[in-house]
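The values are calculated or read from the model by the stated rules, or taken from the named source; none is laboratory data. Model, not experiment: these values are computed from the prediction. FYI the Cβ positions are ideal-geometry reconstructions off the backbone, even for glycines, and counts take in every protein chain you see.
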Amino acid sequence: MSDTPAYETEILRTGSELEAVDSIRAVVDMLHRGEVVALPTETVYGLGADAFDAEAVGKIFTTKERPSFDPLIVHVPNKRALHDVAQVPEELERLVARLTETFWPGPLTVLLPKAAALPDVVTAGLPTVGVRMSDHPMFKRVMKHFGGPLAAPSANLFGQLSPTSCAAVESQLSGRIPAILDGGACGRGLESTIVRLHATEPKPTIEILRPGPITAEDLKPHGKVIFAERNEDVEAQSPEAPGMLASHYAPSTPLRLLSSPQDFKPEEGKRYALLSYRGQEKDGYLDLHEWDEISILSPGSGRVAEAGIRLFHVLFQLDQQGFDEIVAEPVPDRSVGKAILEKLRKASFNQ
């Protein structure tokens, strides 16, 4: 943290309209001065800076301790602004128009060739940029008054849990940034889906690079959907898009993702917490051990959408309690469950 300026981080409230107006004005002023500020989106809190200010974007990397080879997502204030930061190949124009019409504003990031004017630091020198348009009301108001695109990865220290509340941001970045805009809990709870597009026949291909709230089922009406192959050795090379490193989204407490109940062999004297999908005995995990804590993502019948919303919040709470290990049940490998499993795999990488 020696290269990171020390701040007395201010929490900017939005509980009333008067508070919101004053807070948004303060945030926009900071952004115009080249500062980085934590902002709520519908997915997770983001760490925003002027996307066309290379020095300001550099502060994001320093603040997060993020490696310079890991690219950032750019958020645009409206659909027209997509063309300010990216180029849309002619053969993909119809598909991009359909996807943005259907899913923007919302948690879909589209990977496209970058515009020449966008600083290379944003894309880590890659020729492509991930672009999305947030649906969070406070983020949208900031974007409207700021008037331009923002580079905004998750507002956490690199590799750690993505924050879905103001308190979670504060626990990691207090003293590193001038302000956090408190917009309450994030409604989606998982980072945006990232897609790469291919002009194939008889219909275009939508390749999901990072699963998220927009699922394969949501995307199928617009093209053939495939999933990018997971590369467990991606630490050794430059990722193609944000959030693709093998080790990521990890609590400070070691986390282990089980494939089946038989995989768990407790060590004597260790304190274990169970991250349960739906908290049902018939799944075979509740009675495996006298758990020191059991947290349930979707109590009862189990709904992957609810589990996705609660994932980072529940992990954040467990991480504060000093367990020796968090043991996670698997979730169904479908819909939003694919995104949850990816987060849990990355959190358990190298554990």
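Look at LEU99 and say whether it is more than 26 Å from SER68 (Cβ to Cβ), assigned by TED's automatic domain parsing to the domain that holds GLU19 and in contact with a strand residue (DSSP E or B) (Cβ under 9 Å, 6 or more places away or on another chain).
Answer is yes for this residue.
Mind checking which residues of the stretch 325-343 are out of contact with any Asp or Glu (no Cβ under 9 Å at 6 or more places or on another chain) and assigned to a helix (DSSP H, G or I)?
GLY337, LYS338, ILE340, GLU342
Tell me whether the stretch 269-287 contains one or more residues that are out of contact with any strand residue (DSSP E or B) (no Cβ under 7 Å at 6 or more places or on another chain), in contact (Cβ under 8 Å) with a residue 40 or more places away in the chain, crowded, with 18+ Cβ neighbours inside 10 Å and not acidic (Asp, Glu).
Looking through the stretch 269-287, at least one residue is out of contact with any strand residue (DSSP E or B) (no Cβ under 7 Å at 6 or more places or on another chain), in contact (Cβ under 8 Å) with a residue 40 or more places away in the chain, crowded, with 18+ Cβ neighbours inside 10 Å and not acidic (Asp, Glu).
So if I check each of LEU111, LEU99, LEU118, LEU126, which one is crowded, with 16+ Cβ neighbours inside 10 Å, in a helix (DSSP H, G or I) and at pLDDT 95 or above?
After ruling out the rest, the residue left standing is LEU99.
Could you grab me the full set of residues in the stretch 189-231 that are in a loop (DSSP other than H, G, I, E, B), in contact with a His (Cβ under 9 Å, 6 or more places away or on another chain) and surrounded by fewer than 22 Cβ atoms within 10 Å (Cβ to Cβ)?
LYS203, PRO204, GLY223
Suppose we keep only residues that are assigned to a loop (DSSP other than H, G, I, E, B) and under 18 Å from the mean Cα position of the chain (by Cα) within the stretch 8-50. Which one would you say is surrounded by the fewest Cβ atoms within 10 Å (Cβ to Cβ)?
The residue in question is GLU42.
Please find, within the stretch 143-170, the residue that is surrounded by the fewest Cβ atoms within 10 Å (Cβ to Cβ) out of those that are hydrophobic (A, V, I, L, M, F, W, C) and in contact with a strand residue (DSSP E or B) (Cβ under 6 Å, 6 or more places away or on another chain).
Only one residue fits best here, namely CYS166.
Based on this model, can you work out whether LEU255 counts as within 20 Å of the chain's Cα centre (by Cα) and at pLDDT 95 or above?
Spelling it out, LEU255 is indeed within 20 Å of the chain's Cα centre (by Cα) and at pLDDT 95 or above.
Mind checking whether some residue in the stretch 243-252 is touching a Phe, Trp or Tyr at 6+ places or on another chain (Cβ under 8 Å) and over 18 Å from GLU342 (Cβ atoms)?
No, that holds for no residue.
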